[in-house]
Each structure stands twice: as C-alpha cells, then as structure tokens.
Amino acid sequence: QLVESGGGLVQDGDSLRLSCAASGGTFSTYSVAWFRQTSGKEREFVAAIRWSGGNTYYADSVKARFTISRDNRKNTVYLQMNSLNPEDTAVYYCVAATVLSSYYRVWSDYDYWGRGTLVTVSS
C-alpha cells in the first residue's frame, strides 16, 4: 500500500515536499515514481527513482526544480518541489514497480498506485 502526504496550498515560487510511505512488501526492492494529473488532462510522469536510489529520472518540465529521493529504512520516497508555479497544480500520485522498465514514463507500467495528494499553487 502506498500513501502520499505533504500536499497543500502554496504560493507561486514556494517549495513543498511530498512523501510516499509504503507498507507491506519489501519496499527497498521497488522502484518508485511520481505522476501528476490535472482535471481534464492526461496523467503526466514527473520523476522516478530506482530501488537503489542510484538512478533518477525527471520530466523536462520539472528538471532542476524537483528532486526525488528515498529512505529505504523508513520505507518512504520523497519529492522535493522547489520554485513551484501554478502549472504544477495537480493531484500527485506515487506508484511503484518491482522492475523499472524503459517504459517508466507510462502509468500502466507500474504495479502499485497510491490515491494521490493535491498540490495547489496560487499565483
């Protein structure tokens, strides 16, 4: 089970850190990603991290602003979001997979999905 937290209402330019806590299974062996979705739009890949934490991947729209990291001792993955702007407003979802394939930008390539946490950035 994946549970996201940390969402909320922030101002343009602010920072926010999302957390994804896992229960059950051996979380340290799972690769994890964040997706986001705005009403009326397709789900968008945001960032991914391999189980070891040694490789990370980002969407061009968030590169240099967002950082994905993990603490396997705490069974938690984080998404640090800096320089937020209104275009970042969305429901953010945490997903996990036993194997991070070359299709890591595809929602259906994952095995587990959280329920999401809402991030709202006001201008």
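Could you tell me whether the stretch 83-97 includes any residue that is in contact (Cβ under 8 Å) with a residue 24 or more places away in the chain, of a type in the set (Phe, Trp, Tyr), open to solvent by less than 60 Å² (accessible area, probe 1.4 Å) and in a loop (DSSP other than H, G, I, E, B)? No: the stretch 83-97 contains no residue that is in contact (Cβ under 8 Å) with a residue 24 or more places away in the chain, of a type in the set (Phe, Trp, Tyr), open to solvent by less than 60 Å² (accessible area, probe 1.4 Å) and in a loop (DSSP other than H, G, I, E, B). Would you please name the residue that is surrounded by the most Cβ atoms within 10 Å (Cβ to Cβ), looking only at residues in the stretch 29-46 that are over 16 Å from the mean Cα position of the chain (by Cα) and without any contact (Cβ under 8 Å) to a residue 60 or more places away in the chain? Looking at residues that are over 16 Å from the mean Cα position of the chain (by Cα) and without any contact (Cβ under 8 Å) to a residue 60 or more places away in the chain, I get Lys41.
Considering the stretch 47-62, the residues that are closer than 21 Å to Thr76 by Cα and of a type outside the set (Gly, Ala, Ser) include one that is surrounded by the fewest Cβ atoms within 10 Å (Cβ to Cβ), namely Asn55.
Just to be sure, is Thr26 among the β-branched types (Val, Ile, Thr) and touching a strand residue (DSSP E or B) at 6+ places or on another chain (Cβ under 8 Å)? So Thr26 fails the test. Just one residue in the set Ser69, Ser101 is free of Cβ contacts under 8 Å to residues at least 24 places away in the same chain, open to solvent by less than 60 Å² (accessible area, probe 1.4 Å), farther than 14 Å from Glu4 by Cβ and within 12 Å of the chain's Cα centre (by Cα); that residue is Ser69.
Of all residues in the stretch 9-28, those being polar (S, T, N, Q), open to solvent by 70 Å² or more (accessible area, probe 1.4 Å) and part of a strand (DSSP E or B) number 1.
The values are calculated or read from the model by the stated rules, or taken from the named source; none is laboratory data. Because the structure is predicted, anything quoted here is derived from the model rather than measured. We place every Cβ from the backbone using ideal geometry, glycine too, and count neighbours over all the protein chains shown. Note: accessible area is taken over every heavy atom of the protein model, side chains too, but ligands, DNA and RNA are not part of it. Shrake-Rupley method; radii C 1.70, N 1.55, O 1.52, S 1.80 Å.
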